[in-house]
Amino acid sequence: MASLKMLRMRINSVKSTRKITQAMKMVAAAKLRRAQSQAEAARPYAERMERMLASLGAAVATSPDAPQLLVGSGRDQVHLLVVMTADRGLAGAFNSGVGRFARARIRTLEAEGKTVKILSIGRKGAVYLKREFASRFVGEVSFQGKKTVEFADAAEVVARISKMLEAGEFDVCTLIYNRFKSVISQVPSEQRLIPAPLPELQTETTSGPQAMYEYEPSEEEILAALLPQNLGVQVYRAILENSAGFYGAQMNAMDNATRNAGEMINKLTLNYNRTRQANITRELIEIISGAEAV
Amino acid sequence: MAGTFQLELVSPARLLLSRAVEMAVIPAAEGEMGVLPGHAPMIVALRGGVISVTEGGQVTERLFVGGGFAEITPDRVTVLADDATPVASLSKALAATTLAAAEAAMADAQSLTPEKRDQAMATLLSARAMVVTAEAP
């Protein structure tokens, strides 16, 4: 049986752990709120962009000289996976969930004989996947140390992707990230970026048949400017959802940790009191039996 | 003018404006464009410039946009701006630094592809418009 002093020390250390996890939970909750409102604020732009692209893309997608960003290179050999995770850990299965998802995806693609390239966003995912797939890495991006992620950061990632596309380094680009379903549930999911999945034209039933637009300057020119922007929006949205999801996951993980620490403190305290009482009883017996012997 | 239309101005970060207005002047790529209710459907690219909003016969709001797109339908105008700032809060210093950065990018772009040069040129023009707007509000 552990001595009283040892027990006391352990109780104290678990108590300070609980304080830390509690503080981290509060911080995560505060940051979650901010990340969530940022993600919500970005939604209108993405929605309207989608609407505009739907009317524009359908008109151009069938023509043979449609831009690569829209239709891809027409092949399906080299896959670029953009894997998005957080920069920090202590968030339960948040990072490893995406990592596992990405790994399964890479395995199936390679089993089909495709070439896989990985671009990782966020430090944790890079560390996770590098263990197994270091040779497939083409780059990593990290937003570590940044307070908020701006649209310009997403645009930078997109500039990198489109440069690779121009150089013909990949055919299909897929984004893997944690979709923010709710505060307690983040779902690793994938989204194809290139070739762009064209949204269904018949989604809007309010205005009847789609209006015919005039374009100024030309359709092609607008599309050429709109597509990178759209890609940026997609990436930006994923980044924001990812960071909101991260704080949600961290909040949960820290909540659990705090609860577990509380349980442990209770157990240890019980143990401590039992030992203390046993000690007192033993001392009493010693005194009494000593007195009787006299 | 009795009619109004719904004007929405969104930047990637947030929704800046969404309300019924009488007229909006938007800086389209090929010249300023006044939009009244019932305009023919159009999709236009924007250059850097000022969007002015008219309500009740007066200009009630002026915002600087650094490029983007606008979708115009008879009863709605959606402006997707790359970035947008109310003219009143535009600062000369910021405009000057933006212009300097754009000029440097333009100098770099001389050796690149025509598309890249065009892009740098557009940025430069937008920055110049920003300086002009900032100096004469």
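The values are calculated or read from the model by the stated rules, or taken from the named source; none is laboratory data. Quick caveat: nothing in here was measured; it's all calculated off a predicted structure. Ideal geometry is used to build each Cβ from the backbone, glycine not excepted, and the neighbour counts take in all protein chains shown. Ligands, DNA and RNA are stripped out before the accessible areas are found, and what is left, the full protein with its side chains, is counted by its heavy atoms. Shrake-Rupley method; radii C 1.70, N 1.55, O 1.52, S 1.80 Å.
Rounded to two decimals, the Cα radius of gyration of region B:90-135 over 2.2 N^0.38 Å is 1.16. Using the Stokes-Einstein relation with a Kirkwood hydrodynamic radius computed over Cα pairs, the translational diffusion coefficient of chain B at 10 °C and a viscosity of 1.306 mPa s comes to 103 µm²/s. All other residues whose Cβ lies under 14 angstrom from that of A:Gly113 are scored, Lys and Arg at +1 and Asp and Glu at -1, for a net of -1. Across peptide A:223-231, the mean count of Cβ atoms from other chains lying within 10 Å of each residue's own Cβ comes to 3.
The three principal axes of the C-alpha atoms in the protein assembly as shown carry coordinate ranges of 114, 59, 49 Å, sorted with the longest axis first.
Rolling a 1.4 Å probe across the protein heavy atoms gives region B:1-96 an accessible surface of 39 Å² per residue.
Once the other residues with Cβ under 12 Å from the Cβ of B:Ala95 are scored (Lys, Arg +1; Asp, Glu -1), what is the net sum? Provide the component values of the computation, followed by the final result.
Numbers: positive: B:Lys92, B:Arg128; negative: B:Glu135.
Spelling it out: positives minus negatives among the neighbours equals +1.
Rounded to the nearest 10 degrees, the inclination of helix B:114-135 to the longest alpha-carbon principal axis of chain B is 70 degrees. Remark: chain A carries 54 Å² of accessible area per residue (probe radius 1.4 Å; ligands, DNA and RNA excluded).
In summary, the lysines within cross-link reach of A:Lys147, defined as a Cα separation below 25 angstrom excluding same-chain residues under 8 places away, comprise A:Lys19, A:Lys25, A:Lys31, A:Lys124, A:Lys181.
Determine the sum of side-chain charges near A:Ala46: Lys and Arg each +1, Asp and Glu each -1, restricted to other residues whose C-beta is under 15 angstrom from that of A:Ala46. Show your work: numbers first, answer last.
Details: positive: A:Arg43, A:Arg48, A:Arg51, A:Arg179, A:Arg237, B:Arg14; negative: A:Glu40, A:Glu47, A:Glu50, A:Glu241, B:Glu8, B:Glu71, B:Asp82.
Taking every Cβ under 15 Å from that of A:Ala46, the sum is -1.
With a 1.4 Å probe on protein heavy atoms only, work out how much accessible surface B and A bury together, total over both chains, in Å² to the nearest 100.
Working: alone 7480 and 16970 Å², together 22250 Å².
When B and A are taken together, about 2200 Å² of accessible area is lost.
Ignoring everything except DSSP H segments at least 4 long, calculate the 222 nm mean residue ellipticity for chain A; use -39,500 (n - 2.57) per segment, divide by total residues, nearest 500. Please report the intermediate quantities before stating the final value.
Values: 6 runs with 181 residues, N = 294.
Theoretical 222 nm ellipticity from helices: -22000 deg cm²/dmol.
Within straight-line reach of A:Lys146, meaning a Cα separation under 15 Å, sit the following aspartates and glutamates at least 8 residues removed in sequence or on another chain: A:Asp87, A:Glu156.
What would the Debye equation give as log₁₀ I(q)/I(0) for region B:1-80 at q = 0.14, 0.21, 0.24, 0.26 Å⁻¹, counting only Cα atoms as equal point scatterers? For the requested q values the scattering log ratios are -0.38, -0.90, -1.20, -1.42. Of the solvent-accessible surface of region B:90-135, computed with a 1.4 Å probe over protein heavy atoms with every protein chain present, carbon and sulfur atoms account for 63 percent. Residues whose amide H falls under 5 Å from that of B:Leu17, counting only those 5 or more places apart or on a different chain, are B:Leu9, with hydrogens built in the peptide plane. Taking Cα centre as origin and charging only the Cβ of basic (Lys, Arg, +1) and acidic (Asp, Glu, -1) residues, the dipole magnitude of chain A rounds to 2360 debye.
The fraction of all Cα pairs in region A:44-252 landing in successive 5 Å bins from 0 to the largest distance is 1, 7, 15, 18, 18, 16, 12, 8, 4, 2, 0, given as whole percents. Projected label points at A:Val294 and A:Arg10, each 7 Å from Cα along the beta carbon direction, are separated by 3.9 nanometres. Can you tell me the mean projection area, over all orientations, of the convex hull of region A:88-175's alpha carbons? Units nm², please. So the Cα hull casts an average projection of 6.4 nm².
Computed from point charges on the beta carbon alone (+1 for Lys and Arg, -1 for Asp and Glu), the dipole magnitude for region B:80-120 about its Cα centre is near 140 Debye. Per the Debye calculation on region A:7-158 with a single equal scatterer at every Cα and no solvent contribution, log₁₀ I(q)/I(0) for q = 0.10, 0.12, 0.14, 0.17 Å⁻¹ amounts to -0.56, -0.77, -0.97, -1.21.
When you restrict to C-alpha pairs under 8 Å that are six or more residues apart and normalise by the size of region A:65-175, the relative contact order lands at 40 percent.
I'm a student and want to see the number: the projected area of the Cα convex hull of region A:148-288, averaged over all directions, in nm². If you can, show how the numbers build up before the last one.
On the way: hull surface 65.1 nm².
Over all viewing directions, region A:148-288 projects a mean Cα-hull area of 16.3 nm².
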